Amino acid sequence: MTYDATRKAAGPDPSSAVITGLTTLGWYAVPDLVRPRWGRALAKVGVAAAGVGVGLLATAEGRAAREGLRALTAPEESAAPGAAEQPTGRPAEQHGEQHGDENGTPAPDDEPASQVDPRLAGAAVVGVLGVMTVVAVAGEKWAYRRGEKWRAKGLALPHTRVGLIVGALAAGATLLEPPRAVATGDDGRG
């Protein structure tokens with residue numbers, strides 16, 4: 001079987017969008033249901049855990065994550081081909097075997113990867129995580145303040161209203177996910 005024969009492009013997973021939207025709604029609705037701050041924190045942990053748990057059970061991404069975990073914890077007999085060891089217990093690459101054709105021309109997989117300075121990569125990761133954290137905290141503060149303003153105006157369930165808006169936006173963003181390759185089970189032989 002070839003990659004092209006067993007995979008096809010798939011659009012976004014609707015169940016993922018529904019779970020994302022409902023989890024987001026639940027997250028932002030917590031202040032309407034739980035008053036003490038410690039209780040809200042505990043409830044939000046529960047909402048997040050439930051969202052992740054349902055996502056692992058009901059979405060394509062969850063199934064892929066479970067399969068990946070099984071592959072990591074499976075016995076060595078099911079290891080990927082090419083990972084076979086020589087009698088000494090060392091991988092084949094450490095025995096001086098040549099890859100590529102008989103003239104010593106390296107195979108496309110043998111070409112060295114471009115090197116990136118680890119300090120630069122680390123700084124980029126820290127920078128991106130820092131920006132994401134600032135944006136997330138600012139968004140959380142905005143959503144809570146909006147809910148409190150609506151509560152002061154006398155609107156019923158103000159934080160739930162914020163959750164409906166943000167949940168719809170999160171579900172919509174999930175539907176904007178680019179197509180991904182999924183296994184079809186068809187070997188392409190007709």
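The values are calculated or read from the model by the stated rules, or taken from the named source; none is laboratory data. Predicted model only: the values in this text are computed from it and were never measured. Cβ atoms come from the backbone with ideal geometry, glycine included; neighbour counts cover every protein chain shown.
Points to keep in mind about this one:
- Residue list for the range 26-43, filter: over 25 Å from P14 (Cβ atoms) and either part of a helix (DSSP H, G or I) or touching a strand residue (DSSP E or B) at 6+ places or on another chain (Cβ under 8 Å) (or both): V30, P31, D32, L33, R37, W38, G39, R40, A41, L42, A43
- Selection within the range 130-154 - among the charged types (D, E, K, R) and part of a helix (DSSP H, G or I): E140, K141, R145, R146, E148, K149, R151
- Put simply, of A92, A107, A84 the only residue that is among the hydrophobic types (A, V, I, L, M, F, W, C), modelled with pLDDT under 90, surrounded by 11 or more Cβ atoms within 10 Å (Cβ to Cβ) and more than 29 Å from the chain's Cα centre (by Cα) is A92.
- Within the range 22-78, the only residue that satisfies the criterion of being surrounded by 12 or more Cβ atoms within 10 Å (Cβ to Cβ), at pLDDT below 95 and among the hydroxyl-bearing types (S, T, Y) is T59.
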